[in-house]
1. With respect to residue C:12, determine if the residue is modelled with pLDDT under 85 and either out of contact with any Leu (no Cβ under 6 Å at 6 or more places or on another chain) or not acidic (Asp, Glu) (or both).
2. Of the numbered conditions (1) among the charged types (D, E, K, R); (2) under 27 Å from residue B:4 (Cβ atoms); (3) in contact with a His (Cβ under 9 Å, 6 or more places away or on another chain), residue A:272 fails exactly one; give the number of that condition.
3. Between a first residue in region B:206-232 that is in the same structural domain as residue B:271 (by TED's automatic domain parsing) and a second residue that is at pLDDT 90 or above and of a type in the set (Lys, Arg), which pairs have beta carbons less than 7 Å apart while being 6 or more apart in sequence or on different chains?
4. Just to be sure before I move on: is residue A:139 modelled with pLDDT of 85 or more, surrounded by 17 or more Cβ atoms within 10 Å (Cβ to Cβ), under 28 Å from residue A:71 (Cβ atoms) and more than 13 Å from chain B (Cβ to nearest Cβ) in the structure I sent?
5. I'd like the full set of residues that are aliphatic (A, V, I, L, M), touching a Ser or Thr at 6+ places or on another chain (Cβ under 8 Å) and more than 26 Å from residue A:80 (Cα to Cα), limited to region A:17-57.
6. Can you find a residue in region B:96-119 that is part of a loop (DSSP other than H, G, I, E, B) and within 30 Å of residue A:16 (Cα to Cα)?
7. Among the residues of region A:59-110, what is the count of those that are within 14 Å of another protein chain (Cβ to nearest Cβ) and of a type in the set (Lys, Arg)?
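The values are calculated or read from the model by the stated rules, or taken from the named source; none is laboratory data. Predicted model only: the values in this text are computed from it and were never measured. Don't worry about glycine lacking a Cβ; one is built from the backbone with ideal geometry, like all the others, and counts go over all protein chains shown.
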Amino acid sequence: MATQSCLRKLMAPSTANHMGNVHGGNILRLCEEAGRIVATKYSLGQVALVGASQTQFHSPIHVGEVASVSATLDYVSRHAMRVSLKVEAEHLESGRTRETNSSNMWYSIIDVKPRADGMTGVEMIRGERPIHPLHPSLVAPDAASELKKNAASAARLPLSTRSPKEFPVTLQVTPDVDSISNHPFVSAGYVLKLMDEAGAVVAAAHTKHQCVTVLLDKVCFRTPIRLGDLCTVRAGVTYTSSRSVETVVQVWKTELPGGAEKEGCGSICAVEARFVFVALGDNGKVVEVPELPPDQRTIRWNAGAAKHEERVAEKARAKL
Amino acid sequence: MATQSCLRKLMAPSTANHMGNVHGGNILRLCEEAGRIVATKYSLGQVALVGASQTQFHSPIHVGEVASVSATLDYVSRHAMRVSLKVEAEHLESGRTRETNSSNMWYSIIDVKPRADGMTGVEMIRGERPIHPLHPSLVAPDAASELKKNAASAARLPLSTRSPKEFPVTLQVTPDVDSISNHPFVSAGYVLKLMDEAGAVVAAAHTKHQCVTVLLDKVCFRTPIRLGDLCTVRAGVTYTSSRSVETVVQVWKTELPGGAEKEGCGSICAVEARFVFVALGDNGKVVEVPELPPDQRTIRWNAGAAKHEERVAEKARAKL
Amino acid sequence: MATQSCLRKLMAPSTANHMGNVHGGNILRLCEEAGRIVATKYSLGQVALVGASQTQFHSPIHVGEVASVSATLDYVSRHAMRVSLKVEAEHLESGRTRETNSSNMWYSIIDVKPRADGMTGVEMIRGERPIHPLHPSLVAPDAASELKKNAASAARLPLSTRSPKEFPVTLQVTPDVDSISNHPFVSAGYVLKLMDEAGAVVAAAHTKHQCVTVLLDKVCFRTPIRLGDLCTVRAGVTYTSSRSVETVVQVWKTELPGGAEKEGCGSICAVEARFVFVALGDNGKVVEVPELPPDQRTIRWNAGAAKHEERVAEKARAKL
């Protein structure tokens with residue numbers, strides 16, 4: 001069974017953000033697509049993204065370059081697969097390539113069945129068929145501990161995230177047909193792109209500068225989104241260091257028609273993730289970030305600070 | 001039942017026209033989507049746009065800004081709902097917002113049924129279920145008279161519009177999958193975008209300058225368009241003032257395969273609307289418009305002049 | 001029965017390549033759409049592109065211009081139709097039009113049936129219903145010989161093309177929903193756009209300059225591609241003259257899930273074509289092309305040289 005795959009795509013101008021580089025959200029979408037292909041090939045079933053971790057943006061990709069996403073399956077539990085992703089950009093005229101992104105994405109097998117609530121349409125449920133174990137030589141050493149850590153942090157998720165009032169509405173859309181993949185649900189890649197946009201919006205409003213993504217972490221997909229659902233994306237700044245802005249982004253879905261009469265009733269928090277941005281000055285250099293005022297800090301500030309210190313320590317270790 | 005909704009979207013470079021601002025057609029598409037959500041939520045049924053009026057473009061939206069469309073249901077008759085729409089643009093770095101557009105859109109409940117003519121596929125027919133009356137405190141005072149006026153002007157529509165030869169073909173396309181919403185018909189928003197493009201093409205050809213939309217009026221959707229139908233968009237300049245160009249735009253649909261052997265047989269005028277443009281010089285300032293030569297004027301010239309004077313008077317009243 | 005059709009479209013910024021002109025692939029996609037409409041209207045059945053020949057790019061189309069594609073049916077055999085296509089670009093401010101492209105596209109009637117191998121989904125097979133003969137006055141004199149020549153060259157196709165190892169992977173994608181037309185297969189226009197991109201990538205890597213398409217020839221569609229299939233596009237430089245680069249581009253499809261465990265097993269070469277490019281310097285002028293080193297030449301070098309001389313001779317004849 002195949003455990004590797006690669007997508008290669010020429011980056012067209014329509015993939016650009018308004019600074020002229022490829023939109024971080026489009027890179028996430030490409031990664032999710034590559035990961036889904038490997039997980040589908042290995043499990044021989046339909047799969048859906050359930051989480052992502054350690055997604056890093058090292059360097060921007062420019063329009064006109066070829067992006068290559070290599071996807072390697074490196075961990076399989078009874079019901080989940082981890083795909084490790086590396087993105088490289090190739091400049092055609094010089095022939096130079098550089099690594100621009102990396103991520104780990106987690107997939108589960110799903111079944112698509114008629115809806116249990118008797119409404120028309122289908123629903124996506126976690127498949128029960130176990131996944132074939134991965135050959136031990138292919139297993140990444142860190143994956144099992146990552147799985148455990150993610151499960152633990154999902155359990156510790158502060159209850160406040162169940163309240164839709166934590167952050168103001170940042171973006172609100174109904175996904176269009178372009179957003180679906182080959183089953184009738186909105187692709188996780190589209191959702192990640194939307195969340196990245198929402199995070200960039202609040203980060204830009206806070207810093208008064210354009211912001212680019214450097215890190216995406218702790219993504220947890222709780223329930224799938226259907227074509228035609230209203231997606232309310234709520235984002236807020238939760239932590240600031242001198243050079244970075246941490247945002248938490250949630251996607252609340254409301255099924256239409258009917259839907260929520262009052263917000264909070266019919267809406268479900270479908271996804272939550274943590275995006276870290278840096279702000280760029282007019283010359284494209286990283287600029288200082290204003291501190292989040294104490295009265296706007298929540299329980300998430302300390303978690304953000306801990307995460308930030310962990311990352312600084314990791315970088316220091318990497319330099320040794 | 002909810003009578004309000006909001007869409008908020010970051011305007012990506014792919015939404016731009018070739019002057020670098022957000023394409024007026026994309027704004028119309030966003031408005032139609034927001035209006036459809038409110039009408040769907042209120043009526044708990046599938047709805048379709050049947051008309052639009054008083055659509056105004058006050059100021060352009062720039063790529064990189066967040067556009068917010070607020071939609072408020074403010075009138076309900078037995079079979080139609082009016083949604084009033086306001087678009088605001090928010091500049092992220094400065095935090096400034098400004099109103100850029102406003103419109104009233106009319107929706108009816110529809111049913112999607114197997115085709116009456118025995119062909120495969122479905123057709124869209126006006127739903128018979130009456131809509132729940134709106135609480136009197138939410139009813140806009142001008143809506144009932146607008147409904148009456150629209151019905152009257154639809155009856156007065158000159159017969160010449162039934163002839164497909166009135167205007168030359170401006171654009172001709174088959175809508176792609178991206179154009180459909182959640183039922184198998186092309187979304188009204190896509191059609192409005194196409195019409196706006198066609199109007200801009202004839203306005204630019206007349207003025208020899210790039211043109212931007214300032215007003216869209218008298219939209220009447222007579223019959224839905226299916227994915228795969230050939231859309232022939234016919235547009236012509238019907239009136240000119242010193243600073244504006246009025247165009248009338250029609251969408252003729254032809255069903256494929258089979259379709260029209262000779263134009264005019266199998267083609268139906270599905271939509272007609274009136275778009276007003278201003279021409280921009282190289283510095284982005286509004287420039288003078290050459291007068292439409294007398295031999296190119298039709299019965300529509302006088303109607304255009306009356307509309308123009310009405311609008312000038314309204315503006316003068318607004319300034320008092 | 002109609003034997004002519006026309007598509008007219010305003011070229012939006014999202015159709016541009018990274019030099020700011022309309023992407024050659026988008027022009028091919030528009031041509032294929034126009035050709036499909038005429039063939040559908042004439043045969044009153046579903047049709048698919050089986051080949052294209054003599055596709056030439058005379059001059060670029062700029063963003064903001066209106067592209068008109070006129071399609072004329074000019075040959076019908078028992079199972080194939082040839083549509084001759086001409087593309088004109090119209091500059092709106094000056095009113096000037098110029099011919100920018102021309103092509104001949106071949107279509108066959110197809111039937112869409114449940115899959116013969118018992119898997120879910122449908123397959124596309126060549127329809128058996130004969131096509132109504134074309135009135136002799138409408139038949140193009142060169143079409144019958146082109147049909148014979150294409151059939152002969154398809155038979156002579158070197159066996160090496162059955163090996164997926166001939167060229168390295170250039171692009172690898174899974175087509176998205178936007179790629180399908182009105183039957184559940186990826187439109188030929190989308191595939192041509194993808195191949196054009198892949199050819200431009202290897203041509204740019206060879207010349208160290210941006211490249212634009214001047215000619216597309218010998219396209220042969222062997223089997224349709226489904227939504228969700230993995231498309232591996234393999235391209236290589238096969239011939240160089242002092243001013244042009246010939247590339248051969250193949251699309252290998254792999255059905256997912258299951259798919260190829262080892263490349264070459266489950267993959268089928270669905271399409272092959274020959275694209276010729278010129279390289280542009282920073283001033284937009286055509287620049288000299290470095291010769292392909294002798295050790296990188298294959299059996300295709302001589303075929304490329306013969307084709308090149310034929311084209312030079314044709315141009316000389318045209319000038320007389």
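1. yes
2. Among (1) among the charged types (D, E, K, R); (2) under 27 Å from residue B:4 (Cβ atoms); (3) in contact with a His (Cβ under 9 Å, 6 or more places away or on another chain), the lone unmet condition for residue A:272 is (3).
3. Sorted first by the residue in region B:206-232, then by its partner, the pairs are B:217/B:274; B:218/B:274.
4. no
5. Within region A:17-57, just A:22 meets the criteria.
6. Within region B:96-119, one or more residues are part of a loop (DSSP other than H, G, I, E, B) and within 30 Å of residue A:16 (Cα to Cα).
7. Adding up the residues that qualify gives 1.
Listed here are the residues, each with its yes/no results for (1) buried (at least 24 other Cβ atoms within 10 Å of the Cβ); (2) more than 9 Å from every other protein chain (Cβ to nearest Cβ); (3) modelled with pLDDT of 90 or more; (4) more than 15 Å from the chain's Cα centre (by Cα).
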{"site": "C:183", "(1), (2), (3), (4)": "no, yes, no, yes"}
{"site": "C:192", "(1), (2), (3), (4)": "yes, yes, yes, no"}
{"site": "C:200", "(1), (2), (3), (4)": "yes, no, yes, no"}
{"site": "C:205", "(1), (2), (3), (4)": "no, no, yes, yes"}
{"site": "C:218", "(1), (2), (3), (4)": "no, yes, no, no"}
{"site": "C:227", "(1), (2), (3), (4)": "no, no, no, yes"}
{"site": "C:244", "(1), (2), (3), (4)": "no, yes, yes, yes"}
{"site": "C:256", "(1), (2), (3), (4)": "no, no, no, yes"}
